Structure formats: structure tokens, C-alpha cells
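Below you'll find the structure, written out as C-alpha cells, and then a few comments.
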Amino acid sequence: MDRHPIGKLARILSARKAAVAAVAAGSAAALSWHVPADAAPRCAAGQDSSFPVRMLNGLEGQRLDATHVVIYPGSAVDNTSCALLNVYRTMTLDIEAKGAGGRDDVLTPDDLETTGATSAPAAAAGTAGVAAPRVGASYRGGAYAGKPLAGWYYVVLAREQRPDAPVTAMLTRQQSSQRTDQPGSAGVPANFVYRRHLPMAFYYDPASGFRPFNCYGWPKPFCEWTRVLPRENYQIVQGVSAPTPHAIDASAWLPGYGRMLRMEVVVHGAHGGGSAYISTLGRSEGEFLGGTVNRAGDMSVMQVEIAATSKATFSVRTDPGVTVDIYAVGFSIAQPS
């Protein structure tokens with residue numbers, strides 16, 4: 001019997017911490033994360049972080065064609081406020097290229113799945129509980145091969161520490177370019193010590209390429225669908241009639257840290273008059289009016305901007321007798337952590 005319960009507890013916690021560290025080390029190896037190390041301190045010796053934190057000016061982005069996006073001239077302060085990243089000429093990024101001016105090859109957590117611990121073949125092979133590539137994805141040496149995977153691609157500005165070094169950019173599916181020692185960070189080469197995620201994202205589909213829209217950096221980051229495709233291509237839901245809040249999945253129209261969704265709400269008087277109500281959490285005290293019709297046959301069109309949940313969902317409710325169609329107009333991106 002242990003005469004010192006506090007000491008026993010300390011030994012148990014220490015053992016658990018060591019076990020967790022061992023599992024984490026094994027998992028990191030299994031995931032094959034391509035995490036670049038910092039080549040040097042980002043701020044030069046004696047340099048103060050004197051630039052305005054998170055400053056952004058210009059740097060609009062636009063889909064050029066199915067495989068290219070362009071970033072127009074502008075300026076941004078890097079993640080640490082140590083350097084000003086000036087883009088003097090329009091940059092074109094090619095998603096089918098790799099490295100600077102193209103995309104990185106970093107796996108995201110969604111690209112991996114864990115093999116079942118109860119699987120007999122997995123247990124026999126000693127791989128039960130080990131992360132493995134998602135079914136349908138093609139990987140070679142820890143990086144995906146062939147056509148780029150579908151999903152949201154963010155833009156990262158990068159510059160070497162040399163003051164006269166030009167600014168370049170990369171496309172990445174990672175939401176951060178700061179935590180280079182952790183999974184989830186963009187695969188920017190280590191010599192590019194100054195980095196900055198721009199508040200924009202472009203959705204890529206291997207079958208059809210980038211969706212057509214523009215992204216603006218100043219004075220408020222906002223991405224807007226250009227509506228060159230038929231209206232149905234931007235439809236989130238159609239014909240919803242819900243007397244109680246109905247959750248809507250908007251993840252196809254909102255990137256990982258987008259949060260602010262701008263939508264067009266079309267209310268139809270199907271059997272009478274009434275209104276539609278939009279909310280973030282599906283609570284009546286947080287609802288916004290999405291439009292009102294007076295009688296059957298009437299139609300109301302209104303644009304609403306609302307915060308979605310961290311799961312990219314929002315809720316809609318309607319009065320009896322009306323239905324609602326909702327179309328994506330655009331989104332605003334909060335700055336990444």
C-alpha cells in the first residue's frame with residue numbers, strides 16, 4: 001500500500017504523460033507530415049516589431065482560369081510584424097505546379113483515416129489504430145500525386161529574410177502559416193522565413209477547376225462569386241419550409257475559417273403570406289429577418305450576411321405558407337491564428 005497518495009498520483013500522471021508523448025511521436029511519423037523548420041529567427045537582431053499588426057492593403061485575388069489564380073499588387077505585414085511583404089507585380093499561381101508559384105504537398109487531417117483497432121488484418125500487420133491515406137486519394141512518399149485534391153486552397157505570401165528578396169506565394173489547403181512546428185501548417189520552404197496567409201480562399205474541383213469569383217483584401221476581406229455560371233450553381237437550399245429552425249450545411253460555400261457568409265434569400269408565398277428567418281445557432285432570440293411576402297404568389301429577395309458556426313452551418317425558419325430558396329453570394333474570412 002502506497003503511504004504517499006500524492007506521490008503515487010504524480011507517478012501515474014508522469015507515466016501517462018510519457019505514454020501520450022510516445023503515441024504522439026509514433027502518430028506524427030505515421031502521418032508523414034511535411035512540416036518545415038524555421039531556418040532562422042524571423043526578426044533580425046535588434047529589430048523591433050514596428051509594423052502595424054495584421055496590416056493588409058490591396059492584394060486582391062481572382063480566378064484566372066480552371067487551374068490558375070492571380071494575386072494583384074499590394075502589401076501585407078508578415079505573421080510576426082517583422083517584415084513588410086510588397087507585391088509590385090501581378091502574381092499567377094498554378095495549382096498543377098508545386099513549390100513557390102504553385103501548391104504545397106502537405107496532408108491535412110481530413111486526408112487521413114484511422115484503421116479499425118478491431119480489424120484482424122490490421123492487428124496482424126501491427127497497423128491497427130495507425131493513420132492511413134483516405135480511400136480514393138493517391139499518395140506517394142507522404143504526398144498526394146496526380147491531380148490536386150478537391151477543397152479550399154488558401155494563399156500564403158512568403159519572402160526570404162534577405163531585404164531585397166522578392167515576394168512569392170503558394171497555394172495550400174492548410175489554414176495556418178505560423179505554427180511551422182505543428183501539423184496543419186503550410187509547407188512553405190524553410191528559407192522563406194516571412195509568411196502571411198491572405199484572407200482569401202479558392203475552391204478547386206479536379207473535374208472543373210477553380211470556381212469563378214473574386215477576393216478583396218482591403219478595406220474588408222471579402223470573396224464574391226462572380227455569377228458567370230447559371231444561378232443554380234450557387235444554390236445552397238431550395239424550397240425549404242420549416243416551422244422550427246432547420247440547420248443548413250454551408251461548408252461547400254464557406255472555407256475553414258470563413259465564418260461570415262453572405263447569401264441571397266428568396267422567399268416565396270406558396271400558400272399565403274409570411275416571413276423567413278435566418279440565425280446562426282437556431283435560436284429565436286438571434287434571428288434575422290430574411291424577407292417577407294404578403295400573400296400567395298408574392299416573392300421577396302434580400303441579401304443577408306450572417307456568421308456561420310465553426311462547422312459552417314446556419315439555421316433557417318419560415319412561417320406557415322411560405323418557402324425559401326438560398327443562394328451563396330460570398331464570404332468573409334477571419335484572420336487565421
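Once the piece of chain linking Glu224 and Thr244 is laid out straight, how much longer is it, given 0.36 nm per residue of separation minus the C-alpha distance between them?
Roughly 4.2 nm would be gained on extension.
Can you pull the one-decimal nm distance between simple spin-label points at Phe288 and Ala252, each 7 Å off the Cα toward Cβ?
2.2 nm
Starting from the Cα of Tyr72, step 7 Å along the direction of its Cβ; do the same at Asn86; then give the gap between the two resulting points in nm.
Each label point lies 7 Å from its Cα, and together they span 2.0 nm.
Compute the distance in nm between two label points, each set 7 Å from the Cα along the Cα-to-Cβ direction, one at Leu281 and one at Asn233.
For Leu281 paired with Asn233, the spin-label model returns 3.7 nm.
Quick one: go through region 155-178 and flag any residue whose amide nitrogen is under 20 Å from the point 7 Å out along the Cα-to-Cβ line of Arg54.
Within reach of a label on Arg54: 155-158, 174-178.
Neighbour counts of other C-beta atoms within 10 Å: give me Met299, Met55, Met170 arranged from fewest to most. Can you show the working numbers first?
Details: Met299 11, Met55 14, Met170 26.
The fewest-first ordering by Cβ neighbours comes to Met299, Met55, Met170.
Given H placed 1.01 Å from N in the peptide plane, which residues other than close sequence neighbours of Ala83 have an amide H under 5 Å from its amide H?
Placed amide hydrogens put Asp78 under 5 Å from Ala83.
Positive end of the charge dipole of region 157-302 (Lys, Arg +1 and Asp, Glu -1 on Cβ, about the Cα centre): tell me which of Pro163, Ile236, Met260 has its Cα farthest that way.
The residue sitting most towards the positive pole is Pro163.
Test of the criteria: in region 213-309, which trypsin sites (Lys or Arg not before Pro) are in a DSSP loop and have at most 10 other Cβ atoms within 10 angstrom of their Cβ?
Values: sites: Arg227, Arg231, Arg259, Arg262, Arg283, Arg295; in loops: Arg227, Arg259, Arg283, Arg295.
Answer by residue number: Arg283.
Considering amide H positions built from the backbone, and no H for Pro or chain starts, which residues 5 or more places from Thr67, or on another chain, come under 5 Å of its amide H?
Result for Thr67 returns Phe210.
Read-outs: derived from the displayed coordinates by stated rules, not from any lab. Not measured: the values here are computed from a predicted model. In this analysis, Cβ positions are derived from the backbone assuming ideal geometry, glycine residues included, and neighbour counts consider all displayed protein chains.
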